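Asker: To start, I am sharing the structure in question, which I have written as C-alpha cells.
The values are calculated or read from the model by the stated rules, or taken from the named source; none is laboratory data. Keep in mind it's a predicted model, so treat the numbers as computed, not measured. Note that we place each Cβ from the backbone using ideal geometry, even for glycine, and neighbour counts take in every protein chain shown. We work out accessible area using only protein heavy atoms, side chains counted, and drop any ligands, DNA or RNA first. Shrake-Rupley method; radii C 1.70, N 1.55, O 1.52, S 1.80 Å.
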Amino acid sequence: INESTHLAKNTQIAYARQYKNLRTLLKHDIYNTSPAILISTIQTAPLTISARQALINIAYIIKSKDLSINLDKLIDYRININQSANKHAKEKNQKLNLSLPDYDKLVDYTDELYNSNEWIYYIINYLILYYNVRNLDLVFEIVNLKRETVDTNKNYLWVTNKKVVFIRNIYKTAKVYNQKVNVITDIKFITAMKRIRDLQKLDLESGIIIKNINQLGYYIQKATYNNLGEGNYLKIVLNHYRNDFNMIKEISKNRGTSIDTLAEFYDLKSIV
C-alpha cells in the first residue's frame, strides 16, 4: 500500500486501516486466505454495507497479487457489495431529501455568521458552500505574498487588498486534478480573512482556523449549520442547482469529482 504512489496519502492511510481491520477479523494473513473464507468472514461479521465494501476491496487488492488463484467468486461478491452500497446510498439520499434544509437556509446561516463576527465559522461555511470543498481542503496557511505559496505540500489562502487566492495542493483527488486555484473577490470574504490574519499576527487563539488537525472532521461539522457537515452541504447545493448544468460542471471542477460520481453518490434526485 505504501509503495502505491498513484494513491493519495489519505487513501493509503485508509487502505492500511482497512487491511488491519480485515487482518484482525481473519486472525491470520489475508494473502494466504482463500476467497471463500474471505467472503464468509466479511459476510458474517457485524458490519455496515460500507464497511463490507471497504474490506472486500482490500481483500481483492491483496489477493489479486496471487496469479495462481481463481478470483471469480471474490470479484462477483465485490460487485454485489458495490451495487448494494450504491442502492443504500440512493435510499439514504431519498430520505435526506425530506429532512435537509434548503440552499437559502445555508446562505442565510453563512451571512449571519459574518454579521456576528464569527470569522472562522464564516470562512469555513463560505468555502464549503461556494467552493464545494472537503474537510482536508480547509487545512491551509494564510499568507500575504505570492512567494509564500510555493510549497506544493500545503494549501494557502493568499490575502491581498482586493482578492483572496485559494490555492489547493492537498485534497482528496489532487493526484488526478492537480493544483486548484480560485480567485475570490467577495468583499465580505476578504474582510473576514483580513480579520483572521490580524488575529494571527497577534498570535491569538481566536485566529486559529482548526485547533487540532487530528479532529478536523469534528471542527468542520461543528461549524456547519445544524452540524450537517460538508457532505450534506454538497447534497443541498447539488439539489439547488440540479437544472443548471453549467453550475454542476463548476461544482465538479471545484471539488475535483466527476459529474458521474456526483450524480451517483451525492445527488438527492437525479442531475444527469
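Asker: State, to one decimal in nm, how far the label point of Thr152 lies from the label point of Lys9, with both points 7 Å from Cα in the Cβ direction.
Answerer: Inter-label distance under the simple model: 1.4 nm.
Asker: Restricting to lysine pairs 8 or more places apart or on different chains, what number in the range 1-77 have Cα atoms under 17 Å apart?
Answerer: So the count of such lysine pairs works out to 5.
Asker: Quick one: length gained pulling Lys162 to Asn86 fully straight, 0.36 nm per residue minus the C-alpha distance?
Answerer: Roughly 23.0 nm would be gained on extension.
Asker: Under 5 Å between amide H atoms, partner at least 5 residues away or on a different chain: which partners does Asn155 have, H built in plane at 1.01 Å?
Answerer: Residues meeting the amide H criterion: Glu141, Asn169, Ile170.
Asker: Take Ser40 and His240, extend 7 Å from each Cα along the Cα→Cβ direction, and tell me the distance between the two endpoints in nm.
Answerer: With each label placed 7 Å out from Cα toward Cβ, I get 5.2 nm.
Asker: Could you please report the charge total around Ala223, scoring K, R as +1 and D, E as -1 over all other residues with beta-carbon less than 15 angstrom from its beta-carbon?
Answerer: Neighbourhood net charge equals -2.
Asker: Hey, can you find the accessible area per residue of the chain for me, probe 1.4 Å, expressed in square angstrom?
Answerer: Each residue of the chain exposes 56 Å² on average to a 1.4 Å probe.
Asker: Name the residue, out of Leu262, Leu238, Leu25, whose mean-square fluctuation peaks in a Gaussian network model built on the chain with Cα pairs under 10 Å.
Answerer: Leu25
Asker: At 0.36 nm per residue, minus the direct Cα-Cα distance, what do Asp29 and Ile259 gain on full extension? Give it in nm, one decimal, please.
Answerer: So the chain would gain 79.0 nm between Asp29 and Ile259.
Asker: Any lysines with Cα under 16 Å of the Lys222 Cα? List them, leaving off those in the same chain fewer than 8 positions away.
Answerer: Counting by Cα, and skipping residues close in sequence, Lys222 has these lysines nearby: Lys211.
Asker: Calculate the length of the line joining the C-alpha centroid of the range 1-75 to that of the range 157-218, in whole Å.
Answerer: 37
Asker: For the chain, what is the mean residue ellipticity at 222 nm derived from helices alone (per DSSP H run of n ≥ 4: -39500 (n - 2.57); sum divided by total residues; nearest 500 deg cm²/dmol)?
Answerer: Calculated mean residue ellipticity at 222 nm is -17000 deg cm²/dmol.
Asker: Treating only the Cβ atoms of Lys and Arg (+1) and Asp and Glu (-1) as charged, compute the dipole magnitude of the chain about its Cα centre; round to the nearest 20 debye.
Answerer: For this selection, approximately 460 debye.
Asker: Now, a different point. How far is helix 49-63 tilted, in degrees, relative to the longest principal axis of the Cα atoms in the chain, given as a value from 0 to 90 rounded to the nearest 10?
Answerer: Between helix and principal axis, roughly 60 degrees.
Asker: Aspartates and glutamates within cross-link reach of Lys105: Cα-Cα under 20 Å, excluding same-chain residues under 8 positions apart?
Answerer: Glu118, Asp186, Glu230, Asp244, Asp267
Asker: Suppose each label sits 7 Å from its Cα in the direction of the beta carbon; what would the Glu118-Thr185 distance come out to in nanometres?
Answerer: 3.0
Asker: Does a label point 7 Å from the Cα of Asp108, set along Cα-to-beta-carbon, have any residues of the range 231-253 with amide nitrogen under 20 Å, and which are they?
Answerer: 232-241
Asker: Between Ala14, Ala85, Ala36, where does the largest GNM mean-square fluctuation fall for the chain, given springs only between Cα atoms within less than 10 Å?
Answerer: Checking each option, the largest mean-square fluctuation is seen for Ala36.
Asker: Filter Lys163/Lys249; Lys163/Lys235; Lys163/Lys188; Lys154/Lys194; Lys175/Lys235; Lys180/Lys249 down to the pairs with a C-alpha to C-alpha distance above 22 Å, please.
Answerer: Lys163/Lys249; Lys163/Lys235; Lys175/Lys235
Asker: Within the set of other residues whose C-beta is less than 13 Å from the C-beta of Ser40, count the net charge using Lys and Arg as +1 and Asp and Glu as -1.
Answerer: Within the 13 Å Cβ shell, the charges total +2.
Asker: Could you tally the net charge around Ile81, taking each other residue with its Cβ under 14 Å from the Cβ of Ile81, Lys/Arg +1 and Asp/Glu -1?
Answerer: Taking every Cβ under 14 Å from that of Ile81, the sum is +3.
Asker: If you don't mind, there's one more thing I want to ask. Given a 10 angstrom Cα cut-off, can you work out which residue in Lys146, Lys180, Lys235 is the most mobile in a GNM of the chain?
Answerer: Answer for the Gaussian network model of the chain: Lys146.
Asker: While we're looking at this one, here's another question. Just want the answer: with Cβ charges of +1 for Lys and Arg and -1 for Asp and Glu, which residue in Gln53, Thr33, Val133 is farthest toward the dipole's positive end in the range 24-177?
Answerer: In the range 24-177, that residue is Thr33.
Asker: Also, I was wondering about something else. Roughly to the nearest percent, how much of the accessible area of the range 19-91 is carbon and sulfur, given a 1.4 Å probe?
Answerer: 54
Asker: Could you please state how large a percent of the accessible area of the range 109-216 is carbon and sulfur, counting protein chains only and using a 1.4 Å probe?
Answerer: 48
Asker: Using 15 Å as the cut-off for backbone N distance, which residues of the range 15-49 belong to the label zone defined by a point 7 Å from the Cα of Leu71 along Cα→Cβ?
Answerer: 30-36, 38-39
Asker: Hey, another quick one. Apply the Debye scattering formula to the range 75-166, with a single equal point scatterer on each alpha-carbon and no solvent, then give log10 I(q)/I(0) at q = 0.14, 0.22 Å⁻¹.
Answerer: For the range 75-166 at q = 0.14, 0.22 Å⁻¹, log10 I(q)/I(0) is -0.75, -1.12.
Asker: When all protein chains stay in place, what accessible area (Å², nearest 10, 1.4 Å probe) is found for Asp260?
Answerer: 110
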